[in-house]
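Accompanying notes for the structure given below.
The values are calculated or read from the model by the stated rules, or taken from the named source; none is laboratory data. Given the structure is predicted, the values throughout are model-derived calculations rather than measurements. Here the Cβ positions follow ideal geometry from the backbone for every residue, glycine too, while neighbour counts run over all protein chains shown.
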Amino acid sequence: MNQFAVRNGVLHAESVALPEVAARFGTPASRASLESALQEFLDVLNGHPAGQGALVCYAAKANSNLAILNLFARMGAGFDIVSGGELQRVLATGADPRKVVFSGVGKTVAEMKQGLDAGILCFNIESPAELERLNEVAGQCGKRAPVSLRVNPDVDPKTHPYISTGLKEAKFGVAYDDALALYRRAAALPHIEVAGIDCHIGSQLLDPSPFVEALDRILALVDQLTAAGIRIHHIDLGGGLGIKYQDDQVQPTVASYLNPLLDKLAGRGLKVVLEPGRRLVGNAGLLLTRVEFLKPGRAKISPLSTRR
């Protein structure tokens, strides 16, 4: 539901006139929009047998404002983070660290220790080198690190090439053909605990069909892992569901995105993890600006200037 509307020539957020908000606080966000966006995910998941017990991990990089993090935490959400700083912000809101997944391609030793000390749900591993480093760090800490490999399924997400992350050319994730061998390595390491499998194919996706194609490839890999004696407890389907920016765009519903995926997961006993970001906050705020000066120039004259 759109919480922004023009009333008597004045733009309102929910029922509050935005000039009043700007005068008191600056740029506003709509709490109702944030709540309804997350609730849409929760309702679809709770309404499907395969979605029971699912975890929605808000991608904190989309907007790490403490008030927004706190709101989502109180609604039961988890968090997808990509840095130690984001982990600090999430924990400062009182969020449960057992609902945090640590993504990102360049985790430092200090960040790995942070995650281990906090007791996060999972590290999403992007490379063999990262896996080896995490095993070493976990050993130094006297712990076992829960991991999920981010597998690149080589699927075209049909979005802008700069935010496409699921093709084999992308820097993100482990190549599909290399994933089984790396899972075998992870299962053999003394300070690593294989927990799940992760996949994220891109951002601002308006066609849900690439998600289904990616899931088919990931489930085929899960079957190979099961045959190899490697048990997967959760499947992280990432985020990327888009929002409407232009009048001619059609914004897919959460149900049209999730239900085909949940249908394929029915009966598999895998906990579902999702990482939406833009979809939760992209339509929930406005950037308000104020004209401070009008400056006439040589090539362009201000409307208020008397120069001709």
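Quick look at the numbers
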quantity: Residues that are within 11 Å of Leu149 (Cα to Cα) and touching a Gly at 6+ places or on another chain (Cβ under 8 Å), drawn from the stretch 174-199; calculated: Asp198, Cys199
quantity: Filter result (among the β-branched types (Val, Ile, Thr) and farther than 17 Å from Arg279 by Cβ) within the stretch 45-100; calculated: Ile81, Val82, Val90, Thr93, Val100
quantity: Exclusive hit being farther than 30 Å from Gly267 by Cβ and part of a helix (DSSP H, G or I), set Val6, Val44, Val90; calculated: Val90
quantity: Complete set of residues in the stretch 246-266 that are assigned to a loop (DSSP other than H, G, I, E, B), of a type outside the set (S, T, N, Q) and touching a residue at least 24 places away in the same chain (Cβ under 8 Å); calculated: Val250, Pro252, Ala266
quantity: Count of the stretch 103-159 residues which are under 22 Å from Phe79 (Cβ atoms), among the β-branched types (Val, Ile, Thr), in a loop (DSSP other than H, G, I, E, B) and in contact with a strand residue (DSSP E or B) (Cβ under 6 Å, 6 or more places away or on another chain); calculated: 1
quantity: Selected residue (only one of Ala95, Ala37 is over 25 Å from Ser15 (Cβ atoms), at pLDDT 95 or above and surrounded by 14 or more Cβ atoms within 10 Å (Cβ to Cβ)); calculated: Ala95
quantity: Subset of the stretch 77-87 that is small (Gly, Ala, Ser) and assigned to a helix (DSSP H, G or I) - its residue that is surrounded by the fewest Cβ atoms within 10 Å (Cβ to Cβ); calculated: Gly85
